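Inspection log for the structure reproduced underneath, given as C-alpha cells.
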C-alpha cells in the first residue's frame, strides 16, 4: 500500500476479568484499513469480531477493557484516549452501524430529530442547517419522499428502510471510517444486497474506509476489498479478498471455503459440504499454542505448544506454522 | 440395544425408561431442580461473602429466638392483669417502679406493663401472625397457581381474572375489608377471641396473588417439558405430578416472594394493630404498643414509643435485606 | 387505538360490577339492616312489615339493581352508628382526603423521579448508594411509624409543626380547603410527607430500575456510538423512554395513595374519608364500609382508564397500527 493506512490495529488485546481468571476474547489481533477500502472481518459467532469493533471506538462495557496493543486512526492513537476525546471521535471520525435496525433507533424520537442532533453534535452549524443536512442524508440513502419522512417515527419504516436511516446516521457526521457490525444479518435476503450496495457506493464516493464485520462468506465475497479471518480471538490471515477466497493460506480459511455451497456447474450437487470437525473453543477452554490446532488436518507438533508468529506472503499476512515468518517477529509493543 | 435405525420398539423402550426413571425419582429433569442445586454451591458462597446478608440473618435470628423464648426470657407477663402494678406505671428505662420497687429495663407504660416483656411477647405475636399469614398466602397462592398453570383453559382464566381484580386494590384495603366483614359475620362475644385468626386470614388473603401468578408462569413452562409428559403417560395422578415434580422446580422464586411478603405481612399486622383493628388489647403486638406510645409522646414518656419502633424496624429491615439478597442470588440473569 | 380503549373500558366495567356486587352483599347480608331502624318495642309483625316495605323480600337481582340505581343517584344508605346519610358524611370529608392525596402524590412524583434518575446515572457513586440504602429502610418502615416518628421530631421535640388535625380551613366555591390558610399549610406538611414517603421510595426504585434498563438498550448504545454527549444521551434519550411507563405507574399511585390515606389520617387525626372508614371498621358500620369500597372501586377504575389512554397518547407506537414502506 502506498498511502499510509487509515486505521491500524496492532496486537489488540481485550480482557474480561472474571471470578475464574482473566478471559481474552480478543488476543493479539492486527490488521489495517486504507482510505476508501472495505475490509471484511469474518469469523464464527464468538470469534471476537464485534468486540474488536467496540474496542476501537472505546464502547466496551465494564468490566471488559483493552488489555494491550494499539489502535491508531490517521495518526491519532485511540486506545489511550479518555472518554471526552473518544466522544469527539465517535460519530465525527468513526461512524458505527449496528446489526438490528429495529433496536438501533429510539422509538420515541422522530427520525429527523435523531439525524439532526447527531449533526449538531459534531459540526458547527445551526439548527436549520442541521435539519437540511438530515434531509439530504435521507435522500442520499435512498429514502423516498424524504421530506415527509423527516418527521416520521422509526416504527413507521420497514426493516430495510430503517437500516438505511442507520447508515445515514453513521455518515452524517462525515467520518473517515465506518464500522459496520453485521449490518445485513437481521434483514431479508432480498434487502441485504441493496443495503450492501448502498454502503459500498456511499463509502467509495466519499473515500470512507469500512470495517465490515460479518459471519457470512457471501457478503465477504460480494462486497469487500480485503478480508481478515478471525478465530477464537486471533487472526488467521488477512489479505485481498479474491486471493484469500481462492488461495487460502490458513487451514481454517480453507475449511471455511470448503463449507460454502458452490453453485458452479463443475461441483457435483450431491457432494456433501466439507465440515471442519469439532467446534471453536470457548474462551475458558482455549488450547495452548495455535487455537485451531486440535481441529487442523495439517497440525504439526509445534502447533500445540507455540502460538504462530505472523508471516507475510505477498499482500497477505498469515498466522500459521505452515507459513513460518522469514525474520524474527517484531517485539510486542506495550 | 440394536445398532440400526430407530424402530418403534426402540422408541417405546425409551419412553418407558423415562417413565421408570421419573417414577423412581431419578430422572435428571425430575430432580428437585433449581432450588436444591443452587443451594449447594453459589448460594452458600454468596452468603458467606455478603456481610449485609449475614448481618441481616444474624439480626433476624436473634429476634426470632428472643420472640420464641419470650415465656422464659421475659421478666414479666404483661397480659396477665393480676401481675400488673398500676403504681409502677410510667417508670423510665432502668428505673425502679414506684409501687413494687422492681427495676424495669426499658420502662413501663401507662398500665404498669414492662415494656421489655411486652416487646418480647408483642414480637412473638407479630412473628406468629406474619409467618402464619404468609404460609397461608403461599399455600393458597401456590396451589391456585399450579392448578391454573397445569389445567389451563377456563380455570386458568377465572383464577387470573380474580387475581387481577384483587390486584387493583392495595392490600391494606383488602385486609381491612376482609377483617371488617369477618367481624361483621361473627357474634360480638367471640370477636376478640377470633381476632388473631381473622387477622391471619385477612392478611393472608390479601397476599396470595403474587404467589399464584409466579407459580402459574413457571408451571406453564414446566408442563411442556418431557418429564411431565412421561409421567402423564404412565398414568400418574395429576396431583402427584404437580407436587412431586413441578413444585420443586418453582420453589426458587416462591422463596424470594415469601421473604418479601413476610416483611409486608409483619408491617401489615403492625399497621392494623396500630389502627386498632388488629391484635386485641389484651394481647398487644408491636403495633399496639406504638399507638399507646404515640398517645404519651407529649407528656414525655418517649420510651413507650421508641423501643417497640426500633424492634419493628429491625424485624422488617432484616427480613427485607434477606429477601433482597435472596433475590439477587437466585436471579439467573445475574449469574 | 379505539379498540384498545373500548377493551380496557369493558374490563373496568367488569371490575366495577364485581365491586358493586360485593358492596351490595355486604349491605344486605352482613349485620342486620333492620336493627338500627326499629324501635326497641317493635314486634315481629312490625319487622315483617318493614322488610316488605324496604323490598328485602324481592329477588336478589332486583335488589341489586335497586342498590345500583340508588348509588348512581347518590343514595348510599344511612350509617348504622349515627343515622346520618352516608353520602353526606363522605361528601363532607372528601376534600380533606383529596387535598392530602394530591399534595403527597406531587411530592412523591417529583422527588421519586429526581432521585431515581440521579441514582441510575451515578450508579456507582457513594451518594447514590447511600440513597439506595436509605430507600431500603424507607420500604421497611411502615407508614404509621414514619408518621409517629415525624410527629415526635417536629411536633414534640422541635415544636415547629402541629401534631394533628387539618388546621384552619376556608371555603372556596363550595370546597372546604386547608391549603389557603397558613395553619392549614403547616398542618399539611407532616401528613403529606408521611403519606408520600413510601410512594416516593417506590417511585424512586422503579424509575431507577427502568432507567438502568433503558441505558442498556441498543439505541442508547447507538446514541453513544454517534458521539452524543452524556447529557444528550441521559436526558434527550434515556429519560424520555424511562418516563413513559413511569408516568402511568404514577397515575396508578394516585389511586393507591387515596387508600393508604387511611393510615396517615389515623395517625394525624386528619378528618378525611380514611379516618371515617377506620371508625366504620371498628364499629362494624357496614353502610360506610360498603360505600367506601364502592367509591374506591370507581376511583381506581377511572384512574386506570385515564392512565391507559395516557399511555396510548404518549407512546407513538400504540397510535399507528402498521408500518409503511418497503426496503
- Tell me the helices (runs of 4 or more DSSP H) entirely within the stretch A:135-224 that contain at least 2 residues that are within 12 Å of another protein chain (Cβ to nearest Cβ) and modelled with pLDDT under 90. A:146-149, A:159-171, A:189-206
- Item | Unmet requirement for residue C:242, which otherwise passes all of (1) facing chain B (nearest Cβ under 10 Å); (2) at pLDDT 85 or above | (1)
- Item | Which listed residue, of B:243, B:307, is more than 10 Å from every other protein chain (Cβ to nearest Cβ), in a helix (DSSP H, G or I), modelled with pLDDT of 85 or more and over 18 Å from residue B:128 (Cβ atoms) | B:307
- Test each condition in (1) within 24 Å of residue A:234 (Cα to Cα); (2) without any contact (Cβ under 8 Å) to a residue 24 or more places away in the chain; (3) within 12 Å of chain C (Cβ to nearest Cβ) for residue A:60 and report the one that comes out false. (2)
- Task: Identify the residue in the stretch C:154-169 that is within 12 Å of chain B (Cβ to nearest Cβ) and in contact (Cβ under 8 Å) with a residue 40 or more places away in the chain and, among all such residues, is surrounded by the most Cβ atoms within 10 Å (Cβ to Cβ).
- Result: C:163
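Every residue, every condition in (1) within 18 Å of residue B:119 (Cβ to Cβ); (2) touching a helix residue (DSSP H, G or I) at 6+ places or on another chain (Cβ under 6 Å), yes or no:
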residue	(1), (2)
B:267	yes, yes
B:270	yes, yes
B:275	no, yes
B:284	yes, yes
B:290	yes, yes
B:295	yes, no
B:304	yes, yes
B:321	no, yes
- Query: Looking at the stretch A:94-108, which of the residues that are more than 7 Å from every other protein chain (Cβ to nearest Cβ) and not in a helix (DSSP H, G or I) is modelled with the lowest pLDDT?
  - Reply: A:99
- Selected residue (only one of B:228, B:223, B:254 is out of contact with any strand residue (DSSP E or B) (no Cβ under 6 Å at 6 or more places or on another chain) and buried (at least 21 other Cβ atoms within 10 Å of the Cβ)): B:228
- Query: Does the stretch B:163-195 hold any residues that are closer than 30 Å to residue C:248 by Cα and at the interface with chain C (Cβ under 9 Å from one of its Cβ atoms), and which are they?
  - Reply: B:164, B:165, B:168, B:169, B:170, B:172, B:173, B:176, B:177
- Message: Here are the criteria: (1) at the interface with chain C (Cβ under 7 Å from one of its Cβ atoms); (2) without any contact (Cβ under 8 Å) to a residue 24 or more places away in the chain; (3) more than 30 Å from residue B:51 (Cα to Cα). Tell me which single one residue B:281 does not satisfy.
- Response: (1)
- For residues that are surrounded by fewer than 24 Cβ atoms within 10 Å (Cβ to Cβ), at pLDDT 80 or above and not in a helix (DSSP H, G or I), scanning just the stretch C:251-284, find the one that is farthest from the other protein chains (Cβ to nearest Cβ). C:271
- Message: Suppose we keep only residues that are assigned to a loop (DSSP other than H, G, I, E, B) and crowded, with 18+ Cβ neighbours inside 10 Å within the stretch A:80-93. Which one would you say is farthest from the chain's Cα centre (by Cα)?
- Response: A:92
- Item | Extreme residue, farthest from residue B:297 (Cα to Cα), among residues of the stretch C:141-153 that are more than 8 Å from chain B (Cβ to nearest Cβ) and in contact with a helix residue (DSSP H, G or I) (Cβ under 6 Å, 6 or more places away or on another chain) | C:146
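Could you grab me the full set of residues in the stretch C:224-239 that are surrounded by fewer than 18 Cβ atoms within 10 Å (Cβ to Cβ) and more than 10 Å from every other protein chain (Cβ to nearest Cβ)?
Correct list: C:231, C:235.
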- Query: Among the residues of the stretch A:39-71, how many are part of a strand (DSSP E or B) and touching a helix residue (DSSP H, G or I) at 6+ places or on another chain (Cβ under 6 Å)?
  - Reply: 5
- Examine the stretch B:266-274 for a residue that is more than 8 Å from chain C (Cβ to nearest Cβ), within 30 Å of residue B:184 (Cβ to Cβ) and not in a helix (DSSP H, G or I), and state whether such a residue exists. no
- Among B:322, B:326, which is more than 12 Å from every other protein chain (Cβ to nearest Cβ), closer than 16 Å to residue C:136 by Cβ and crowded, with 18+ Cβ neighbours inside 10 Å? B:326
- Message: Looking at C:10, C:94, C:14 in this structure, which one is modelled with pLDDT of 80 or more and crowded, with 16+ Cβ neighbours inside 10 Å?
- Response: C:94
- Task: Return yes or no: is residue A:186 over 25 Å from residue A:117 (Cα atoms) and touching a helix residue (DSSP H, G or I) at 6+ places or on another chain (Cβ under 7 Å)?
- Result: yes
- Note on the structure: Filter the stretch B:184-216 for residues that are in contact with a helix residue (DSSP H, G or I) (Cβ under 7 Å, 6 or more places away or on another chain) and more than 19 Å from residue B:172 (Cα to Cα); the one that is modelled with the lowest pLDDT is B:191
- Of the numbered conditions (1) touching a strand residue (DSSP E or B) at 6+ places or on another chain (Cβ under 8 Å); (2) part of a helix (DSSP H, G or I); (3) modelled with pLDDT of 85 or more, residue A:236 satisfies every one except a single condition; which is it? (2)
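The values are calculated or read from the model by the stated rules, or taken from the named source; none is laboratory data. Computed from a predicted structure; not experimentally measured. So basically every Cβ, Gly included, is an ideal-geometry build from the backbone, and we count neighbours across all protein chains shown.
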